[in-house]
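Colleague: Handing you this structure, nothing more for now.
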Amino acid sequence: MTTVQIGDARVHKVVETEREPESFDFVFPRGNWEVCETNRARLEGEHIDFDRRAMLMSFHSYVISHGGVNVLVDGCIGNTKNRTGPGVSRYFGTDYNLFHMRDTAYLMRLADAGFPPESIDYVLCTHLHCDHVGWFTRLRDGAWEPTFKNARYVFASKEFAAAQAAWQNNPEGPFERSFEDSVQPVATAGLVDLVQTDHEIRPGLFLEPAPGHTPGHVLIHLECGGDHGIFSGDVIHSPYQLLDPGVSPVYDANDFKQARATRDQLLQRIVGTNTTVFTAHFGESSCGSVIADAGGAYWFDFL
Ligand SMILES: [Zn+2]
């Protein structure tokens, strides 16, 4: 497990599942495979499976531990969630089952890291897609109940409203249906606080608007003792995008143009600084800093 110090805050990465293959050509319909080939030494193994022409994706949460308060960032895929059906097949194809009926030891790993569910004080989320909200609930006696019962779940109201509307419009959609089993039950239990996209949760921990991938996507910014950490969610999915920054993944379909502008702004702002980026889907440690590479591209200095 990775643990990183930001000032006197500690950030722990807890893995749900990693090295999950996703077709490069599906994720990046306008991607340039040659860029991957040119950078094979950087990407092979942890980030791209060259034999299968597949991205290797990690799904994990982070826990920020500071001043006796534990903050969970993003909730992964979750166990026993039904993610099949026509809506999923139409989007991903019929043999896609990455998110369906998983059975991982995520909660055990979280507890082993020192964070049993009852120890979590806040649950934050960059955006409300199914691979970021799954562990917000778990199945007990046939019903979805909040996993983190002592926590306030703090969501951007814009994101909550957009995810709710998307689910109402497309209840069987691949990303939309998780609202019903992973977000709504937490709201029904009275555990949700809806806030602005620049909300400060506590001193040194605040949200920043980062729209595009979803309408209310946020960055989560931790500033402690002069150090900065940014939890970047799905503003950037893969290290490949650092090498080919103009390319957009299919998942940015909500608003490709805005998603790219948000990504460009973030990279330009933090390149060469001491900001540690905690990504949602990179392999290896998943965190590091952005450095300049040749020709206006970027690379990642993994911690
Ligand atoms: Zn994601």
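The values are calculated or read from the model by the stated rules, or taken from the named source; none is laboratory data. Quick caveat, the model's predicted, so the values are computed rather than measured. Cβ coordinates were reconstructed from backbone atoms using ideal geometry, including for glycine residues, and neighbour counts include every protein chain displayed.
Colleague: Looking only at the stretch 266-292, filter to residues that are assigned to a strand (DSSP E or B) and within 16 Å of the ligand (Cβ to nearest atom); which one of those is surrounded by the most Cβ atoms within 10 Å (Cβ to Cβ)?
Modeller: Selected residue: 278.
Colleague: In this structure, is residue 70 among the polar types (S, T, N, Q) and at pLDDT below 95?
Modeller: Working: among the polar types (S, T, N, Q): yes; at pLDDT below 95: no.
When the stated conditions are applied, residue 70 does not pass them.
Colleague: To continue, here is another question. Would the stretch 137-156 turn up any residue that is closer than 19 Å to residue 13 by Cα, in contact with a helix residue (DSSP H, G or I) (Cβ under 6 Å, 6 or more places away or on another chain), within 16 Å of the ligand (Cβ to nearest atom) and not polar (S, T, N, Q)?
Modeller: no
Colleague: While we're on this one: From the list 139, 207, which residue is touching a residue at least 40 places away in the same chain (Cβ under 8 Å), in a strand (DSSP E or B) and over 26 Å from residue 69 (Cβ atoms)?
Modeller: Unique residue meeting the criteria: 139.
Colleague: Continuing with this model, one more query. Identify, from the list 180, 172, the residue that is assigned to a loop (DSSP other than H, G, I, E, B) and closer than 19 Å to residue 84 by Cβ.
Modeller: Going through 180, 172 in turn, just one is assigned to a loop (DSSP other than H, G, I, E, B) and closer than 19 Å to residue 84 by Cβ: 172.
Colleague: Of these, 99, 59, 115, which one is surrounded by fewer than 22 Cβ atoms within 10 Å (Cβ to Cβ), closer than 23 Å to residue 233 by Cβ and in contact (Cβ under 8 Å) with a residue 60 or more places away in the chain?
Modeller: Working: 99 fails: surrounded by fewer than 22 Cβ atoms within 10 Å (Cβ to Cβ); 59 fails: surrounded by fewer than 22 Cβ atoms within 10 Å (Cβ to Cβ).
Being surrounded by fewer than 22 Cβ atoms within 10 Å (Cβ to Cβ), closer than 23 Å to residue 233 by Cβ and in contact (Cβ under 8 Å) with a residue 60 or more places away in the chain holds for just one of 99, 59, 115, which is 115.
Colleague: Would you say residue 278 is of a type in the set (Phe, Trp, Tyr), touching a residue at least 60 places away in the same chain (Cβ under 8 Å) and under 30 Å from residue 292 (Cβ atoms)?
Modeller: Here the answer is yes, as residue 278 does meet what is asked.
Colleague: Out of 215, 209, which single residue is surrounded by fewer than 22 Cβ atoms within 10 Å (Cβ to Cβ) and in contact with a Lys or Arg (Cβ under 7 Å, 6 or more places away or on another chain)?
Modeller: Step by step, each of 215, 209 is checked, and only 215 is surrounded by fewer than 22 Cβ atoms within 10 Å (Cβ to Cβ) and in contact with a Lys or Arg (Cβ under 7 Å, 6 or more places away or on another chain).
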